[in-house]
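The values are calculated or read from the model by the stated rules, or taken from the named source; none is laboratory data. None of these values were measured; they are calculated from a predicted model. All Cβ positions, glycine included, derive from the backbone under ideal geometry; neighbour counts span all protein chains shown. Just so you know, the surface numbers come from the protein's heavy atoms only, side chains and all, with ligands and any DNA or RNA stripped out. Shrake-Rupley method; radii C 1.70, N 1.55, O 1.52, S 1.80 Å.
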Amino acid sequence: MPENLGEAEAFEAFSFYCYMQNFHEGTWDPLTQRTGGGNDMGIDSYAIILNGSIVQSLDEIHEEIERNRQFRVVVVLLQSKREKSFSGNAIGGLARNMGRVFDLDRDLDPQEASDEIRTLQNALRLLLSRPELLAGHRPKVYVGYACCGSEIKAPHRYASDDIAAAIRRNGDFEAKADLLGARDLRGLYERSLKSSRIAFDVDRDKLVEMPDTPGIDGNSYIGLVDARAFVRQVLTDETGGIRESLFHENVREFYGYANNPVNRAIRESLQSPEGRARFHTVNNGLTVIAREAERYNNRLSLKDCQVVNGSQTSHVLFDQRDRLDETVQCRVAVIASTDNSVIDAVIAGTNLQTKVDPEFFAARADQHSHIEQYFLSIPEDRRLYYERRERQYSQNPEIPRLRVVNTQTLLKYFAAVFLEEPELSVDLRLLRERAHAKAFDEKHHPALYYSAASVAYRFEGLFRNGSFGKEVKPAKYLLAAGFKRALIGGRIPEGKKGNAPVVLKTLNDAAWDEAESMAVFENVVRALARAVPIDDDGAELRKKVRDPDFTGRFLRSITAGAS
């Protein structure tokens, strides 16, 4: 935790991090989810999770809606108090406030609710504005109350029941309330430090052990599994939705049915008894990578597993789970390996049957490894950690989570800082489609990625500790591009053996010097204020940051100002 964070604030962030272990398995920063101030109506932290990913803004929700993509919604809220016992009054007050927040027919008064809480209410309205995209599944809301106590008395439970009842009164949400004491928080934290393990039932007579192969563990298997068991025990998460964290290494997201005849055909094959019985003969099945695989009689246990091929099949099976019966078998290959080069080769080899940009695989095989090693070569006082694989550093408590940079964060900041296309950084779909291959081009020196990560580390910290207000946060990536422009201009040092580290020294030194970075940042913010109105509403700013022409004019003004 940052040194300037008070004990109460640190406990809020810690408690929410622990509570979220029940709902989200990816890498994230609990400090960014804090409401951070007064008029929070008892909500110290909250997260909105769409299809397994945390969304940070109304704009991201709009993007999902505009794509007409069906989504599953989980909303997690927490109140934290450092008291040594549970408080019935505090829990009851939280219940009353939940009734007001989830009364979507009534706007919260700005005098009683902060901007963050009113944004939460507007997000809830937005999520319900297209009920057809919810696919008949009401959003699930989980509210936690955390303290350092141990004894939960009957009045406390009654009060927590009132929290869920207040939310369900709306009629559009499912709701559950949890009371978390010191033992609960400790257990959840210990779980966060462990590797993720999933076990499911198999018929050992239908699985064949693969022969020993260099880089692949002997406990690797290929064969048929009961689709019902796989869906229930592997694909379904703790909230009853699909476990999206299984697909982080998959090169494709779920395409749905509307514009995808393949997925419609998979769904159609499950509609009749004949189709279900021959499912395994007409479907390519799944490829699962795991760091360890162990079979005990008729049960297979996987450590840190990913479905690297078969995302479409998995999602259709999950969607059609009520139609599955004992006749539905699915072809599965389980490959156990800790060798990143082998994992990359498996991902590439199993995904060549349909079109995927070859640049994606070229980048995976070499560039990410080079980036990871370069980060580790940096002296410890400025070292960052590139997380190529989900939860790669989660078991090492000595590595500060704030210094871990995942692929998505690195891609966003690289696109903004060096490609100078920050408009892509605020749209995940465009970012993946237009920036991924360019960003992870093999010609780029790993030093570029370290510099982008250093800017990310500094910028996320500035917004996290309140050095700059939320009114400029929609322009975060545009400001990051301006930060680099003000320091080293618009050029990108090219070539693996070039002088990139020397050219980037000025940028890195500024990013790692809090006073200097603040001074440069303030100048860039002033330039932005001259170009577009910055106010609490932020509508005009959010529009401008998506306009590449505005980006070009703004960055040219920064260069001119710097000279």
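Worth a mention:
- Spacing of the two label points (7 Å from each Cα toward its C-beta) at Gln271 and Ala165, in nm: 4.5
- Over 32 Å (Cα to Cα) - which of Lys206/Lys412; Lys153/Lys303; Lys81/Lys470; Lys438/Lys544; Lys176/Lys470; Lys140/Lys473 fall in this group: Lys206/Lys412; Lys153/Lys303
- Most positive-pole-ward Cα, Asn309, Ala123, Val502, against dipole of the chain from beta carbon charges: Asn309
- Placing unit charges on the Cβ atoms of the charged side chains and taking the dipole of the chain about its Cα centre, the candidate lying farthest along the positive direction among Ala529, Asn170, Asn97 is Asn170.
- Of the residues Gly489, Val262, Tyr374, the one whose Cα sits farthest towards the positive end of the charge dipole of the chain is Val262 (charges of +1 on Lys and Arg Cβ, -1 on Asp and Glu Cβ, taken about the Cα centre).
- Residues of the range 274-313 with amide N under 13 Å of the 7 Å Cα→Cβ point at Asp201: 298-300
- FRET efficiency, 1/(1 + (r/R0)^6) with R0 45 Å, evaluated for Ser369 and Asn39 via beta carbons: 0.40
- Å² of accessible area per residue within the range 1-152, as computed with a 1.4 Å probe and no ligands counted: 42
- A simple charge model with +1 on the Cβ of Lys and Arg, -1 on the Cβ of Asp and Glu and nothing else charged puts the dipole of the chain at about 480 debye relative to its Cα centre.
- In a reduced charge model with +1 at each Lys and Arg Cβ and -1 at each Asp and Glu Cβ, the range 1-101 shows a dipole moment near 500 debye about its Cα centre.
- Rounded percent of accessible protein surface that carbon and sulfur make up, the chain, 1.4 Å probe: 47
- Structural descriptor for the chain: relative contact order 11 percent, calculated from alpha carbon pairs under 8 angstrom and at least 6 residues apart.
- Fraction of antiparallel bridges per DSSP, the chain only, in percent to nearest 5: 60
- Nearest-20 debye value, the range 146-258 charge dipole, Cβ charges on Lys, Arg, Asp, Glu: 400
- Per-peptide packing, taken as the mean over residues of other Cβ atoms within 10 Å, places 268-279, 97-108, 223-234 in the sequence 223-234, 97-108, 268-279 from highest down.
- Over the range 22-67, relative contact order from alpha-carbon pairs under 8 Å, at least 6 apart, %: 24
- Less than 5 angstrom separates the built amide H of Thr236 from those of Arg243, all sequence-distant by 5 or more or on a different chain.
- Over the chain, dividing the summed -39,500 (n - 2.57) contributions of all DSSP H runs of at least 4 residues by the number of residues returns a 222 nm mean residue ellipticity of -12000 deg cm²/dmol.
- Here the relative contact order of the range 236-325, from alpha carbon pairs under 8 Å that lie six or more residues apart, stands at 36 percent.
- Cα extents for the chain along the principal axes, largest to smallest and rounded to whole angstrom: 71, 66, 44.
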